[in-house]
Every structure is written in C-alpha cells, then in structure tokens.
Amino acid sequence: MTSSVATPRETALSVQSLSVTFLTDAGEVDAVTEVSFEVFPGEVLAVVGESGSGKSVSVRSAIGLLPDTARVEGHVVLGGQDVTRLSNKAWAQLRGNKISMVFQEPGSALDPLFTIGYQIVEALRAHTRADGKRMSAKDAKARAVELLTMVGLPNPEQRFSYYPHELSGGQKQRVMIAIAISCEAKVIIADEPTTALDVTVQAEILELLRDLKDRLGCAIVLITHSMGVVSDLADRVVVMQNGRVVEEAPVAQLFDAPADDYTKKLLAAVPTLAAVESDKTVDTSGDPVLDVSRLVVQFSGGVGSPAFRAVDDVSLTIHRGETLGLVGESGSGKSTIGRCVAALQKPTSGSVTVMGQNIAGVSERKLKPLRKRFGFVFQDPSASLNPRLTVGQCIAEPMIVHKYGSKDAIAARTTELLDAVQLPSGTDKRYPHELSGGQRQRVSLARALVLGPDLVVADEPTSALDVSVQAAVLDLFEALQQEFGFACLFISHDLAVVDRVAHRVVVLRNGGIVEEGTPWKILRSPEADYTKKLLAAIPGKRLHT
C-alpha cells in the first residue's frame, strides 16, 4: 500500500518582503513596507485599502511599472522567475504573454491617435505564438473583434474602427480589458477594472473574469475599493493601510468576521441602499438653476458608418439646493448630457438654460463670465488636471482666472479645500502624477468647489475613491450643498451613492429617459424592466440586505 503526499501548490505570483521608497524633491517617501502575499493559478486575490495605502504600488512592482524614482527591496517572483530587477527589454518579453494589466484610467492608457482595433491588433502581433510565428493581420483583426465581443462592446465590427474619444468611459475600460486578455497571460493584474462601468456591464465583466480564471486557470490580482466586487469575485483578500498589510483572509471570513479594526471601518463605510426612506425635500419654487429642454445630440458615424443619437429628446430641471441623479448603462447618454450642461458639447437641437441664460451654441467669450458659477468634477481625473501644474496650482487656477482675490486669499482657500477633501499637508506641492487615482479625484472635487458654484456637474465624482474616503467626500458634498445651496447634476453608475445624495433620479437608456422619480421609488419599486435589470446587477448582494 502506497501513501500519497500532498505537494505544495505552485504560486503564479509571489511578493516577498517588498518595500518601495520614492525619491522626491521633498525627500524619501515610504510607499510600501515589508509587504508579502501570493496568488495561485485559478485564484482571485483582492488587494484593498484606502487611496494611498500602497496597494497599486505593491502590485505594479509585479509588472515592472514603477518609475525610476522608486527604490525597491525584497523580491517579486512570477511563475518561478525572480522579476524584481529585470531590464526593460526582459520585461517586454513577459508583459502580455506571462502577465498583463488592466489600468484604472483607460482614457490615459489608450493612445488617442489610433483606433481601438489597431491597438488590440498591435498587442496581438507584438507577441509570438507557441510555434514561434506572429499572428497574421487578418487573424489578429478577427481575434480583436472576438475579444471586443467577449467584453460586451456593442457593435464590435463597427467600433473596431473607432478612436478612444468616440467611446464612453465604460466602453474604453472594456477595450482595456480586451487588450489585457488578448494573449491569455497567466497572471492578470486588474487595477480598478470596473471603476468606470455601470452595474450591468460590471456584472458581465466580473462574469468574464470568473470565466477566464476557470477556463484558462489564470491568476487574477484585483486592486479595488469596491467591496461589492470583492464579495462577488475574490477568493482571498489582502487589506492594506499606510503601506503595510494589516489583514489577510478568505473572502467569506473577512466579510463575516473581520479581525482588524481598519477592516471593520472599511466595511462599515460601504454605501448601501437605505432601509428607511429619508426626508429629502427641497424648495423647488422659483426658476430652476438648470433647465434642459428637448435636448438632442447626434454624432456622425464616420466614413461608412451610420450616424447615431447619443441623446434623444431629453428634458429635465434642477433647482437650487437640489441634486438630480442621472443613471444608466455606459453609453446611455449620461456623460454627453453632462458635457452639454457644461457647455463642452454643442447640442444638435434643444436648449440648455443655466441661471436663465441659454448656453447652447453661445460663444466662449460670452460663456466666460458664467463659467465661474459652474463647478465640474469629471470621471477621469488624470485627463482633467494639468500635469504641468502642482496640485495647489490646479486648485488655484479657477480663482486666478476669475480674479478671486489676493495671493494670500487664494492660498488660504486652496489650503481650506485640500483639508476639506482630506488630502495631507504638502499635497499642494506635488504633481498629479505623484498621487494615486483616488487622491487625484479628490483634487478634482476641491477644484470644482473652490469658487462656491451655483451648479455642479459631477460625472462619476466618487468612482475612483475608496469606500471610507467616498463616505467622507459624500458627507462633505451634502454639507456644502446645505450651506451654499448649489444645484447638482450627479452622474453615476453607483446606485447606492445616488440613493444617498440625490433628491430625484432620472434613468437613461439609449439616450432617452426611461423613468424618473424619487430615489425611494426608482431604486426600490421601479416600473421599467430596464431599471429592475440595473438593480438586479448591483454587486455584493450581501452588502445590500
């Protein structure tokens, strides 16, 4: 009789006593200290923690994407190979084939000069097949269309020829996922892969990642602030705070019995659909701050492609002190309406009236005096902040343009807003690229509020924020709205966040309004099947019960 001996599982990726220090003009900054974790084939490991906790830095070291200013100690082992100090040439052979990454901000990761199809084909043909040959251009195009279909991009054959700017934020993220899975790497790093996605597409992407894990046996390292996504997808969870691992546990254990106080704090801050109807009343007498009437936005489809309507006969109003939540799937027209309201997109027809003035088609010269009454928070903070200005200069810029006051007054107001959005002392001296995605989004919020606007257009304003900072920012948002009475168009795919902040909700689909009403009615007893579909797709059901 022979006895069997269990063999240890072979890791797909192992991080061993990793420490990362950045050299800055202000001195050394310890980003990660003695971090260790591992992920196995066919497993999803979630790395969670507040913005700036070191989770992205830890995982980016596994794919060689840390800047030259980083000093690394410890070891990173990928499929049995120590990759801690590989050359750029050696990394070029591994990326895509052995390890790939889905980035947090697709608008920055995709090249604006090339079509999305070209960029996927380029990724496919950059790597050799098992027989040592490169994929033909014809086969690569067919595979690219197949990948776009897999990630749920509508009309993939047609949109193969689209440029990134012709896609919504969620659609660009799907293209990034298609590129990441194109060569079937053994380890996929997903850095906030569903941040820009609406709940239905998010559910589809999570199902796709589960399928990849099961079908290909790949390991997935998931960096996210969405505890609902963690609950639905992860097998194990690593919790980080201030550059260190504070807890590691199987996902069910972490949610049912968290051991560390910090983990308990994260879970307590997760927004959920309220169990009791809140009293959200606003005086809607008098003229609205924003009046959108029969708005239509139609885009040409380019050579050989039909035109399509992004916004189709939409009318809505927002009064002082009121927040209107705009929800719907990616590509439903939410952001296009927001851009029209912000005078960044000219409508095909209809009117957009702000403070009694129709701004549709108005010249930039006439718009300038009105712009100081606007505040904007965009979905992609890396694209909306000037990389050549420090954070302090980015926040101060609107005050300088609109002659807010003296240099001392501007400096004081900048410091006040940095404190309000919970950014540490000294952040004003740093540049946007030196901050995490969540920190950049907080800078965008501070910039939007710096002039005390009458109307705030917030396009996914908390999408890049971890749950604890999200809760603090939403508290801040509500307090500022009560104090200053600004109206807000709040665009989001996070229905729990909309439930918390909105006084009314408008549901969009294919550019048109499906239904509208109070958050309590729309998010608990909707009439439209489409709204019911949105609610059914919310991740992390255990968090909402």
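What is the number of the single condition among (1) surrounded by fewer than 20 Cβ atoms within 10 Å (Cβ to Cβ); (2) in contact with a Ser or Thr (Cβ under 6 Å, 6 or more places away or on another chain) that Thr149 does not meet?
Unmet condition: (2).
Just for the stretch 322-372: of the residues that are open to solvent by less than 20 Å² (accessible area, probe 1.4 Å) and over 22 Å from the mean Cα position of the chain (by Cα), which one is nearest to Val498 (Cα to Cα)?
Filtering the stretch 322-372 for residues that are open to solvent by less than 20 Å² (accessible area, probe 1.4 Å) and over 22 Å from the mean Cα position of the chain (by Cα), the one nearest to Val498 (Cα to Cα) comes out as Glu322.
Just need a number here: residues in the stretch 480-529 that are within 23 Å of Val201 (Cα to Cα) and part of a strand (DSSP E or B).
Residues meeting the conditions: 13.
Taking the stretch 379-394 as the search range and keeping residues that are more than 17 Å from Glu192 (Cα to Cα) and in a loop (DSSP other than H, G, I, E, B), which one is nearest to the chain's Cα centre (by Cα)?
It comes out as Leu385.
Quickly run through the stretch 401-411 and pick out the residues that are part of a helix (DSSP H, G or I) and surrounded by 12 or more Cβ atoms within 10 Å (Cβ to Cβ).
Val401, Ile410, Ala411
Determine the pairs where a residue that is part of a loop (DSSP other than H, G, I, E, B), located within the stretch 424-445, has a partner that is at pLDDT below 90 with Cβ atoms under 6 Å apart, the partner being 6 or more residues away or on another chain.
Pairs that qualify, where the first residue is part of a loop (DSSP other than H, G, I, E, B) and the partner is at pLDDT below 90, are Ser436/Ser51; Ser436/Gly52.
Would you list the strands (runs of 3 or more DSSP E) that sit entirely within the stretch 166-274 and hold 1 or more residues that are in contact with a Cys (Cβ under 9 Å, 6 or more places away or on another chain) and open to solvent by less than 40 Å² (accessible area, probe 1.4 Å)?
187-191
Quick one: how many residues across the stretch 126-163 are outside any loop (DSSP other than H, G, I, E, B) and either among the charged types (D, E, K, R) or farther than 19 Å from Glu329 by Cβ (or both)?
15
Matching residues to (1) outside any helix (DSSP H, G or I); (2) on the phi < 0 side of the Ramachandran plot; (3) of a type in the set (S, T, N, Q); (4) surrounded by fewer than 19 Cβ atoms within 10 Å (Cβ to Cβ):
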position	(1), (2), (3), (4)
Asp30	yes, yes, no, yes
Pro41	yes, yes, no, yes
Val76	yes, yes, no, no
Lys89	no, yes, no, yes
Gln93	no, yes, yes, yes
Val121	no, yes, no, no
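Looking at Arg294, is it open to solvent by 80 Å² or more (accessible area, probe 1.4 Å) and either under 30 Å from Ser161 (Cβ atoms) or modelled with pLDDT under 95 (or both)?
It is false that Arg294 is open to solvent by 80 Å² or more (accessible area, probe 1.4 Å) and either under 30 Å from Ser161 (Cβ atoms) or modelled with pLDDT under 95 (or both).
The values are calculated or read from the model by the stated rules, or taken from the named source; none is laboratory data. None of these values were measured; they are calculated from a predicted model. All Cβ positions, even for glycine, are placed from backbone atoms using ideal geometry, and neighbour counts span all protein chains on display. Note: areas computed on protein heavy atoms with side chains; ligands, DNA, RNA excluded. Shrake-Rupley method; radii C 1.70, N 1.55, O 1.52, S 1.80 Å.
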